[in-house]
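Taking it in order: structure first as structure tokens, then the write-up.
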Amino acid sequence: MARRLDVTGADGVRLTAWDHTPGPTGGGITSGGIAGSGITGRSGAPAQGAPATPAPGVAGIVPQPGPGRGAVPRPGGRPAPEPPAPDAHRAPAPGVLLLHGLMGHAGHWARAASRLTGGHRLVALDQRGHGSSGKPAAGPFTREAYVADAAAVVEQLGLGPVTLIGHSMGALTAWQLAAERPDLVRALVICDMRASALGAASQRAWQDWFRCWPAPFPSLEAVHRWFGDEDPWVETPNPARGAFFAEVMAEHADGWRPVFDPEQMLTSRETWVHDAHWDSLAQVRCPTLVVRGLDGELGRAEAQEMVRVLPHGEYAEIPDAGHLLHYEHPDAWREAVEPFLNGVLTP
């Protein structure tokens, strides 16, 4: 079970992180999934902006119906390997901080984290507005706030110099932190995030998309079905996408709704979608791996240009993967990422 860690972020916002490190000092990943509901605050009290009735297992993977089969397996279906015997003289395990994307939560990393070896200290963060972290009505949900939160987690948990692994918006936060605080960051993995500006039309499309959600959903099965098949943005049925969104739903009196506020998600996106981020990428001095799925949102040409702009950039791609590359294909993701991690984290 992953171990919950409470952290104070920028402006005093309450953040929740989850330690996935195998062994007695970490949470590890077991066949029972990871701990926490994903929406409850300290001592079981609902987090700010969260519903009073939590969804079972939101911070892990709740059993979800797949097409023609039973429940989707929980993350980390394999027991974690036995940790080595404690050694008081051993150097601290290299810190790895996992940052999810917009609308995600820390539990979306569980299956990928369970595959990693190499003795890393693996911590996944519920970013502000997401999962079980605070959702302040007044924000802020700026780039500066997200970056400052990540820095606070690294410093308060003693993870630095840390390897940052970010997906989508979390990848942007990761490389902006690496550019601004090189003293805190050892290495960086960017998963399917563009450096180019997406523009106002993209933001309007997202606004329209949120408005077409048939929320509240009558059941988790309905959530899974809509996001995996019926959503107009889905070109072909995608059960993994349905499971991804079912994890961030909670039950209310009138049905199932997201644990995040869609307006806060749009506000978060508004702060980066209109701008290009090549300048901050060029300021990243640590070793960096850019990973894309062949069917993801980051095109090959742009990804390779990002590698060229980075002073110490490397490139990897995952066949058959889309935007949710680490979630849909955790084994292939590990094969792409682990050699890089072992190279930069091995003394």
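The values are calculated or read from the model by the stated rules, or taken from the named source; none is laboratory data. Not measured: the values here are computed from a predicted model. Cβ placement follows ideal geometry from the backbone for every residue including glycine, while neighbour counts extend to all protein chains displayed. For the accessible areas, the whole protein counts, side chains as well, though only heavy atoms, and no ligand, DNA or RNA atoms are used. Shrake-Rupley method; radii C 1.70, N 1.55, O 1.52, S 1.80 Å.
Sort through 218, 232 and tell me the only one that's open to solvent by 70 Å² or more (accessible area, probe 1.4 Å), over 25 Å from residue 179 (Cβ atoms) and touching a helix residue (DSSP H, G or I) at 6+ places or on another chain (Cβ under 9 Å).
Only one candidate passes the filter, namely 232.
In the range 178-222, which residues are within 26 Å of residue 321 (Cα to Cα), in contact with a strand residue (DSSP E or B) (Cβ under 8 Å, 6 or more places away or on another chain) and either outside any helix (DSSP H, G or I) or modelled with pLDDT under 95 (or both)?
Scanning the range 178-222 gives 187, 188, 189, 190, 191, 192, 193.
Which residue pairs have Cβ atoms closer than 8 Å, lie 6 or more positions apart in sequence or on different chains, and pair a first residue in the range 282-304 that is among the polar types (S, T, N, Q) with a second residue that is part of a loop (DSSP other than H, G, I, E, B)?
So the pair list comes out as 288/310; 288/312.
If we scan the range 142-160, do we find a residue that is buried (at least 22 other Cβ atoms within 10 Å of the Cβ), part of a strand (DSSP E or B) and not polar (S, T, N, Q)?
no
Give me the pairs, please: first residue somewhere in the range 141-162 and touching a residue at least 60 places away in the same chain (Cβ under 8 Å) and within 20 Å of residue 271 (Cα to Cα), second residue anywhere and assigned to a strand (DSSP E or B) and hydrophobic (A, V, I, L, M, F, W, C), beta-carbon distance under 7 Å, and either six or more positions apart or on two chains.
Short answer, once both residue conditions are applied: 149/15.
Restricting to the range 74-110, name every residue that is buried (at least 24 other Cβ atoms within 10 Å of the Cβ) and either modelled with pLDDT under 75 or assigned to a helix (DSSP H, G or I) (or both).
Answer for the range 74-110, where residues must be buried (at least 24 other Cβ atoms within 10 Å of the Cβ) and either modelled with pLDDT under 75 or assigned to a helix (DSSP H, G or I) (or both): 75, 76, 106, 107, 108, 109, 110.
Would you please name the residue that is most open to solvent (accessible area, probe 1.4 Å), looking only at residues in the range 111-131 that are under 22 Å from residue 242 (Cα atoms) and in contact with a Lys or Arg (Cβ under 8 Å, 6 or more places away or on another chain)?
Selected residue: 114.
State which residue is nearest to the chain's Cα centre (by Cα) when the search covers only the range 149-164 and only residues that are modelled with pLDDT of 95 or more and of a type in the set (Gly, Ala, Ser).
Filtering the range 149-164 for residues that are modelled with pLDDT of 95 or more and of a type in the set (Gly, Ala, Ser), the one nearest to the chain's Cα centre (by Cα) comes out as 150.
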